[in-house]
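The values are calculated or read from the model by the stated rules, or taken from the named source; none is laboratory data. Computed from a predicted model, the values in this text were never measured in an experiment. Here the Cβ is made from the backbone with ideal geometry for all residues, glycine too, and neighbour counts use every protein chain on show.
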Amino acid sequence: MDIVEKYKYIHPGKVILRELEKRQIKQRPFAQKIGMHPQTLNAICKGRRKLPLEFALKMELYFEFPEGSLALLQTYFDIQSLKSHQAASKPKLELLRKQLFWDTDINLIDWEKQSKAVILRVYKRGTDREKQEINRFYGTKLVNRILTNNTEKPYKVHR
């Protein structure tokens, strides 16, 4: 089975760590052998840092992996991370009525920068279900702070 298909969406550091353990190679001497700082290799193996292309190619040669396989794993991992981040960066739109945001395209709202306006609008015109989604997305603490500090009209603070 191809390494890319086998480990798709897994951080390449995990694959490297597995190979090192399988071959009983210590991280420090291996890092020095390929010209990498041992701390950098450790951060990559723990998934806290990206695998640079230069070192991906060196490791592929050393482990006799197909050329570009570790680099592709890094790319697939980055794609998955970006998708996860984008999904978490906005509320579940299927729970919010588009009519609530009649004056704008709901898909173009910057949910972080416009959090105050969104929270106030949903609490002024939204249903209980929409208010629950806004509470889930922003957190009750932020919602309550915005509602409490609002001078326009008193809103019921959600508990």
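The set of residues in segment 5-26 being at pLDDT 95 or above and within 24 Å of the chain's Cα centre (by Cα) consists of HIS11, PRO12, GLY13, LYS14, VAL15, ILE16, LEU17, ARG18. Taking segment 46-84 as the search range and keeping residues that are more than 19 Å from the chain's Cα centre (by Cα), part of a loop (DSSP other than H, G, I, E, B) and charged (D, E, K, R), which one is farthest from LEU17 (Cα to Cα)? Of everything passing the filter in segment 46-84, GLU67 is farthest from LEU17 (Cα to Cα). The residue that is surrounded by the most Cβ atoms within 10 Å (Cβ to Cβ), among those in segment 4-36 that are out of contact with any Asp or Glu (no Cβ under 9 Å at 6 or more places or on another chain) and among the β-branched types (Val, Ile, Thr), is ILE16.
Is it the case that segment 88-104 has a residue that's in a helix (DSSP H, G or I) and closer than 30 Å to VAL15 by Cβ? Step through it out loud before you land on a result.
In the first step, residues of segment 88-104 are kept if they are in a helix (DSSP H, G or I); the result is 88, 93-95, 98-101.
From what's left, closer than 30 Å to VAL15 by Cβ: 88.
Yes, that holds for at least one residue.
It is to be established whether one or more residues within segment 108-116 are more than 30 Å from ILE25 (Cα to Cα), of a type outside the set (S, T, N, Q) and part of a helix (DSSP H, G or I).
Just the residues of segment 108-116 that are more than 30 Å from ILE25 (Cα to Cα), to begin with: 108-116.
After this cut, where a residue has to be of a type outside the set (S, T, N, Q) as well, the list is 108-113, 116.
If we keep only those that are part of a helix (DSSP H, G or I) too, we end up with 108, 116.
There is at least one residue in segment 108-116 that is more than 30 Å from ILE25 (Cα to Cα), of a type outside the set (S, T, N, Q) and part of a helix (DSSP H, G or I).
Restricting the first member to segment 51-63 and to residues that are assigned by TED's automatic domain parsing to the domain that holds THR75, and the second to residues that are surrounded by 14 or more Cβ atoms within 10 Å (Cβ to Cβ) and not in a helix (DSSP H, G or I), the beta-carbon pairs closer than 7 Å and six or more apart or on different chains are PHE55/ILE34; PHE55/MET36; LYS58/ILE34; MET59/ILE34; TYR62/ILE34. Within segment 99-128, the set of residues being more than 26 Å from the chain's Cα centre (by Cα) and loosely packed, with under 14 Cβ neighbours inside 10 Å comprises GLN99, TRP102, ASP103, THR104, LYS124, ARG125, THR127, ASP128.
Applying the selection to segment 133-147, what residues are without any contact (Cβ under 8 Å) to a residue 12 or more places away in the chain and either of a type outside the set (D, E, K, R) or within 16 Å of LYS98 (Cα to Cα) (or both)?
GLY139
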